Amino acid sequence: MRTKTLLLTAALSAAGLLSASAQTAVYSVNIVGYINKTLGTGLSLIANQLNATPDNSVPTLFGTPAGAVTVSKFNKATGSFDNAVFDPDSGWILPAGGLVLNPGQAAFVDNATGANLPLTFVGEVQLNSTVNIVNGLEAYSSVIPQAGDLNAIQFPVPAGAISFSKFNGKTFDTSAFDPDSGWIPSVPSVAVGEGFFIDNAAGAPITWSRSFAVGQ
């Protein structure tokens with residue numbers, strides 16, 4: 001799996017002349033970008049880290065693949081997965097209510113096209129965000145498209161035990177946090193566009209908040 005990113009391209013536009021004698025500029029700032037991600041055949045655990053237009057639904061994000069693709073998002077309430085399936089003959093077959101992949105969430109993609117699957121996510125960076133790491137097992141991602149270990153991406157220090165699992169294409173690589181020992185065997189790292197599972201056994205939700213200003 002190869003990831004190429006071009007992020008945080010700031011667009012600064014000014015508009016407005018209120019009168020001939022008094023000029024007032026009204027500014028609109030949007031930080032937009034794109035993420036190019038190539039998935040190999042089989043399963044990958046990925047994240048969409050940009051807010052797309054008109055929405056973050058699976059059909060908007062994945063478009064029309066060249067073959068069969070299944071996007072599976074963990075449903076904590078049922079303990080199973082909600083699936084969106086692309087069939088080259090029928091198009092997208094969605095669960096009731098559709099399937100959305102917002103920044104901060106993650107999903108498995110099963111690429112059954114027989115070749116690498118190129119994806120391009122385009123949209124706005126969500127500068128202010130809060131991800132609630134609930135009790136038990138759930139899939140997550142960083143809202144900000146930033147690579148690094150959990151300290152670098154400002155994941156909060158848990159108050160109790162949790163486990164963190166990344167999918168390597170075949171199985172999971174897992175790190176555990178112990179309040180007395182820290183991360184074992186080491187602090188996990190994530191790539192741009194990568195999802196992960198957290199099993200929160202700390203006894204309370206964990207709040208992961210980030211806030212950026214333009215130019216930061």
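The values are calculated or read from the model by the stated rules, or taken from the named source; none is laboratory data. Since this is a predicted model, take the numbers as computed values, not measurements. Using ideal geometry, Cβ is built from the backbone for each residue, glycine included, and neighbour counts are taken over all protein chains shown.
Taking strands (runs of 3 or more DSSP E) that fall entirely within the range 64-103, which contain at least 1 residues that are at pLDDT below 95, exposed (fewer than 13 other Cβ atoms within 10 Å of the Cβ) and hydroxyl-bearing (Ser, Thr, Tyr)? Break it down into steps so the answer makes sense when it comes.
Details: elements: 68-75, 80-87, 91-93.
In the range 64-103, no matching strands (runs of 3 or more DSSP E) lie anywhere.
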Check off (1) under 28 Å from Ile133 (Cα atoms); (2) out of contact with any Pro (no Cβ under 6 Å at 6 or more places or on another chain); (3) hydrophobic (A, V, I, L, M, F, W, C); (4) at pLDDT below 95 for Ala52 and give me the number that stays unchecked. (4)
Checking Ala161, Ala191, Ala213, Ala176 in turn, the sole residue that is hydrophobic (A, V, I, L, M, F, W, C), out of contact with any helix residue (DSSP H, G or I) (no Cβ under 8 Å at 6 or more places or on another chain) and modelled with pLDDT under 95 turns out to be Ala213
Which residues, taken from the range 161-189, are more than 21 Å from Gly136 (Cβ to Cβ), surrounded by 12 or more Cβ atoms within 10 Å (Cβ to Cβ) and hydroxyl-bearing (Ser, Thr, Tyr)? Ser189
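Let me confirm something: among Ala115, Ala152, which residue is under 22 Å from Ser44 (Cβ atoms), hydrophobic (A, V, I, L, M, F, W, C), part of a loop (DSSP other than H, G, I, E, B) and more than 11 Å from the chain's Cα centre (by Cα)?
Result: Ala115 is the single residue among Ala115, Ala152 that is under 22 Å from Ser44 (Cβ atoms), hydrophobic (A, V, I, L, M, F, W, C), part of a loop (DSSP other than H, G, I, E, B) and more than 11 Å from the chain's Cα centre (by Cα).
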